[in-house]
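Chemist: Submitted below is the structure of interest, expressed as structure tokens.
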Amino acid sequence: MRERMLAAVATGDIDALRPVIEFNETPPLFARGAKPVGFAAAVDFLKARSFDGKGHEILAMLGAILEQPYVRVTRGPVEMFVWPAFAARQKPDPTAEERLAMYRCARFANLLLTNDIGLPLIERVGIGADGTWHYFWAG
């Protein structure tokens, strides 16, 4: 799934994510607390979330996220791979390089928002061990 996502990002066209999203049995969640978006509206939802309205911000951020190291998370019977690893396990005092990587994974609209330890509110991607893309949201 990660390779499919990166191939779509490399095209520079958010519509290239459509077949990747449709590869899942159900669409991934794109915002915490939001109602699930159907397959037909998924790319339009991502475009609307993008600062430029065309999806370029989302594509750039998705590529930056998936180029970072991941962490394996197990909750009950569900095993998930989460990118970037620092989204799941943040250090309270990141290096300058780590902080820059975090900002690459934050939406422009969220740059003034921080988490409970004062770090940027970064986006994350969760892909199940079975290859299902579960989510792409901030947290």
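We did not get these values from a lab; they are worked out from the coordinates using the rules stated. Worth saying up front: this structure is predicted, and the values here are computed from it rather than measured. For neighbour counting, all protein chains shown are included, and Cβ atoms are generated from backbone atoms with ideal geometry for every residue, glycine included.
Chemist: Identify the GluC sites (Glu not before Pro) of the range 1-94 meeting these criteria: DSSP loop state and at most 11 other C-beta atoms within 10 Å of the C-beta.
Modeler: Here the sparse-neighbourhood loop sites are Glu25.
Chemist: Once you've got the GNM for the chain with C-alpha springs shorter than 10 Å, pick whichever of Pro94, Pro77, Pro19 has the biggest mean-square fluctuation.
Modeler: Of the options given, Pro77 has the highest mean-square fluctuation.
Chemist: Still on this structure: Please work out whether the range 50-105 counts as rounded, prolate or oblate from its C-alpha gyration tensor, where a ≥ b ≥ c are the square roots of the eigenvalues and a/c under 1.5 means rounded, while otherwise a/b larger than b/c means prolate and anything else oblate?
Modeler: oblate
Chemist: Here's something else I'd like to know. For the range 56-104, which trypsin sites (Lys or Arg not before Pro) are in a loop by DSSP, counting at most 15 other Cβ atoms within 10 Å?
Modeler: Sparse-neighbourhood loop trypsin sites (Lys or Arg not before Pro): Arg89.
Chemist: A follow-up question, please. Along Cα→Cβ, 7 Å out, is where each label goes; now give me the distance between the ones at Ala31 and Arg4 in nm to one decimal.
Modeler: With each label placed 7 Å out from Cα toward Cβ, I get 2.5 nm.
Chemist: With a/c under 1.5 counting as rounded, go ahead and sort the chain into rounded, prolate or oblate using the C-alpha gyration tensor (a ≥ b ≥ c being the square roots of the eigenvalues; past the cut-off, prolate if a/b is larger than b/c, else oblate).
Modeler: oblate
Chemist: Same structure, new question: Need the list of aspartates and glutamates near Lys35 for cross-linking: C-alpha distance under 17 angstrom, and skip anything on the same chain fewer than eight residues off.
Modeler: Glu25, Asp44
Chemist: Next question, about the same structure. Between Phe45 and Asp93, what FRET efficiency comes out of the Förster formula 1/(1 + (r/R0)^6) with R0 = 30 Å and r the beta carbon distance, rounded to 0.05?
Modeler: In this case the efficiency is close to 0.25.
Chemist: Enumerate the amide H contacts of Tyr135 below 5 Å, restricted to partners 5 or more residues apart or on another chain; note that Pro and chain-start residues carry no placed amide H.
Modeler: Placed amide hydrogens put Leu29, Gly126 under 5 Å from Tyr135.
Chemist: Further question on the same structure: Taking loop as defined by DSSP and a crowding limit of 16 other beta carbons within 10 Å, which chymotrypsin sites (Phe, Trp or Tyr not before Pro) in the range 1-40 fit?
Modeler: Filter output for the range 1-40: empty list.
Chemist: When the helices in the chain are scored as -39500 (n - 2.57) per DSSP H run of 4 or longer and the sum is shared across all residues, what 222 nm value do you end up with, to the nearest 500 deg cm²/dmol?
Modeler: -10000 deg cm²/dmol
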